[in-house]
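Report on one structure; see the data block that follows.
Every read-out reported here was derived from the displayed coordinates using simple, explicitly stated rules and does not represent laboratory data. All of these numbers come straight from a predicted model, not from anything done at the bench. Positions of Cβ are backbone-derived with ideal geometry, glycine not excepted, and every protein chain shown enters the neighbour counts.
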Amino acid sequence: MKHILYILCPFITILHLGAQNFIGMNKDDISKYMTTNHPDFKYIDDAVNKAYKYMKYVDHDEYQTWLFFLSEDEHCTVTKLISDYVYYDRLTATLDKNYKKEGTNTWTFRDQGVDYIVELKKDEWFFSIITKKK
């Protein structure tokens, strides 16, 4: 049974990537959402950064990290999903399905009258998907 969960957990993350817009959510609501909808991601509170206020979640196999950057009043302003390339094809297919493609590594969407941009940035060992207001 445990092996089935390890196989399914990445798909759960992929399916929810386009389903929830975290921008504007407060810290407590993000925490509740992640606990309920992404139990494969665990909150890591040992991250310290004096320049940014954020919440950090890491998946069970440490292939994906989800950062939620917060404003001074603890509302999400930017999200960043950092992932191993093992998920690249699935995640880009999900982005193509859920958002309007604007360029090679850029998508857009509108939520409650606000325009957002989703950018994919490639690094040598991982890639990042960054979501923010346009």
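Simple rule: put +1 on each Lys or Arg Cβ and -1 on each Asp or Glu Cβ in segment 55-105, find the dipole, and look at TYR87, PHE68, VAL58; the Cα lying farthest toward the positive end is TYR87. Checking every one of the GluC sites (Glu not before Pro) in segment 68-104 against DSSP loop status and a limit of 15 other Cβ atoms within 10 Å picks out GLU72, GLU74.
What is the sum of charges around TRP66, taking Lys and Arg as +1, Asp and Glu as -1, for the other residues whose C-beta is under 9 Å from the C-beta of TRP66? Intermediate results must be reported in sequence, preceding the final value.
Numbers: positive: LYS56, LYS80; negative: ASP59.
That works out to +1.
Across the cross-link table entries LYS50/LYS97; LYS42/LYS97; LYS80/LYS100; LYS56/LYS101; LYS42/LYS101, which are compared at the Cα atoms, the separations over 29 Å belong to LYS50/LYS97; LYS42/LYS101. Taking the Cα centre of segment 28-123 as origin and assigning +1 to Lys and Arg Cβ atoms and -1 to Asp and Glu Cβ atoms, the resulting dipole is close to 300 debye. Using the average count of surrounding beta-carbon atoms within 10 Å as a protection proxy, the listed peptides 75-84, 123-132 rank, highest first, as 75-84, 123-132.
State whether segment 50-114 is rounded, prolate or oblate according to the following rule on the C-alpha gyration tensor (a ≥ b ≥ c being the square roots of its eigenvalues): a/c under 1.5 gives rounded; otherwise a/b larger than b/c gives prolate, and the remaining case gives oblate. Note, shape of segment 50-114 comes out oblate.
Straight-line cross-link reach from LYS27 at under 15 Å between alpha-carbon atoms covers these aspartates and glutamates, not counting any fewer than eight positions away in the same chain: ASP45, GLU72, ASP73, GLU74.
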